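Asks: Below is the structure I would like to discuss, written out as structure tokens.
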Amino acid sequence: MSADCIFCKIVAGTIPAKLLYEDDEVIAFHDIRPLARVHFLIVPKAHIETLKECTAEHQALLGKMMLLGAKLAAEQGLVGYKTVMNVGREGGQEVFHIHLHVFGGGPAA
């Protein structure tokens with residue numbers, strides 16, 4: 001956990017979020033600035049700043065995030081969708097705690 005990380009605060013329950021899923025390893029919630037009608041994030045509970053820091057030990061976690069994204073997208077009624085993981089400031093990453101964006105269903109309302 002990182003005391004100044006917004007996602008760590010969501011994981012800890014000190015900042016509210018509209019949850020879609022939670023287990024011992026990950027949490028999924030709706031994005032507060034949606035880019036599409038459906039836009040949610042999948043965040044590991046362990047604080048990992050960027051994908052560049054991941055190693056082979058994170059392979060199962062990363063795979064779990066992708067498969068969970070597909071499951072939750074279907075549950076949200078998405079037939080097609082995008083998955084994005086921004087890496088580093090130059091890659092558009094704003095929160096330095098890895099997270100997978102899943103979005104689709106047309107423009108945000």
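Asks: Taking PHE40 and the conditions (1) without any contact (Cβ under 8 Å) to a residue 60 or more places away in the chain; (2) touching a strand residue (DSSP E or B) at 6+ places or on another chain (Cβ under 9 Å), which numbered condition does it fall short on, given that it satisfies the others?
Replies: (1)
Asks: I'm trying to understand the selection: among the residues of the range 2-15, which are outside any helix (DSSP H, G or I) and under 15 Å from the mean Cα position of the chain (by Cα)?
Replies: Listed by number, the list holds a single entry, CYS5.
Asks: Pick from the range 43-74 the residues that are touching a strand residue (DSSP E or B) at 6+ places or on another chain (Cβ under 9 Å) and free of Cβ contacts under 8 Å to residues at least 12 places away in the same chain: which of them is farthest from GLY105 (Cα to Cα)?
Replies: Residue satisfying both the conditions and the ranking: HIS58.
Asks: Of (1) surrounded by 15 or more Cβ atoms within 10 Å (Cβ to Cβ); (2) in contact with a Lys or Arg (Cβ under 9 Å, 6 or more places away or on another chain); (3) within 18 Å of LEU20 (Cβ to Cβ), PHE96 satisfies all except one. Which?
Replies: Every condition holds for PHE96 apart from (3).
Asks: While we're here: Return the residues of the range 66-75 that are crowded, with 16+ Cβ neighbours inside 10 Å and either in contact with a helix residue (DSSP H, G or I) (Cβ under 9 Å, 6 or more places away or on another chain) or within 11 Å of TYR21 (Cβ to Cβ) (or both); say none if nothing qualifies.
Replies: Passing the criteria: LEU68, GLY69, LEU72.
Asks: Also, quick follow-up: For the range 30-56, how many residues meet the condition of being in a strand (DSSP E or B) and either buried (at least 19 other Cβ atoms within 10 Å of the Cβ) or in contact with a Pro (Cβ under 8 Å, 6 or more places away or on another chain) (or both)?
Replies: Of the residues in that region, 7 qualify.
Every number in this text was worked out from the coordinates using simple rules, so none of it is lab data. Since the structure is predicted, the reported quantities are computational estimates derived from the model, not experimental observations. Cβ atoms come from the backbone with ideal geometry, glycine included; neighbour counts cover every protein chain shown.
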